[in-house]
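Structure record follows, encoded as structure tokens.
The values are calculated or read from the model by the stated rules, or taken from the named source; none is laboratory data. Owing to the predicted nature of the structure, the values given are computational and were not obtained by experimental measurement. For neighbour counting, all protein chains shown are included, and Cβ atoms are generated from backbone atoms with ideal geometry for every residue, glycine included.
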Amino acid sequence: MDTKDTFERVFSVGGSSASATCNCGRTFYNSDGGWDWEDGELEGLAEDKDATDIGYGVGLIEVNGRTYAVDCDCWHSVYSMIELFIDRHAHQIAEYLKLEKKRKIEEAEKSATVDI
């Protein structure tokens with residue numbers, strides 16, 4: 001598994017669907033999955049120049065509140081930017097996560113408790 005695969009796994013929205021539209025507007029769909037299509041829906045996708053039949057369930061990832069189709073090339077630049085940031089700041093990110101964990105534990109310890 002390479003870093004891109006790891007990134008997709010961690011940021012996946014889970015599962016797959018018959019069709020989905022990427023953040024960039026391209027639609028991806030699976031005509032081979034035995035999905036329950038509305039009348040004319042599959043034919044419409046087949047005729048749509050911005051739709052691509054990938055032949056398997058459409059996987060999605062979510063980054064910064066935007067949803068991308070895993071098979072779309074547009075998200076690769078987003079991934080490259082994030083990967084570069086993570087690689088260049090790994091030590092700072094690890095320190096940030098450590099300090100945030102400590103802060104949240106301290107905050108939780110100060111919270112009110114309820115006896116049942």
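Considered as a group, the residues in the stretch 78-98 that are of a type in the set (Gly, Ala, Ser) and under 16 Å from Thr3 (Cβ atoms) include one that is modelled with the highest pLDDT, and that residue is Ala90. You will find that of Ala94, Ala51, the residue that is exposed (fewer than 14 other Cβ atoms within 10 Å of the Cβ), without any contact (Cβ under 8 Å) to a residue 40 or more places away in the chain and either of a type in the set (Gly, Ala, Ser) or over 23 Å from Val10 (Cβ atoms) (or both) is Ala94 and no other.
Could we say that Thr52 is within 14 Å of the chain's Cα centre (by Cα) and closer than 30 Å to Ala18 by Cβ here? No: the conditions fail for Thr52. Each residue in the stretch 55-77 was checked for being modelled with pLDDT of 90 or more and either touching a Ser or Thr at 6+ places or on another chain (Cβ under 9 Å) or closer than 13 Å to Glu8 by Cβ (or both), and 15 pass. Regarding the stretch 11-23, can at least one residue be identified that is closer than 30 Å to Phe85 by Cα and part of a helix (DSSP H, G or I)? Yes, because at least one residue in the stretch 11-23 is closer than 30 Å to Phe85 by Cα and part of a helix (DSSP H, G or I).
Applying the set (1) surrounded by fewer than 11 Cβ atoms within 10 Å (Cβ to Cβ); (2) free of Cβ contacts under 8 Å to residues at least 24 places away in the same chain to His89 leaves exactly one unmet item: (1).
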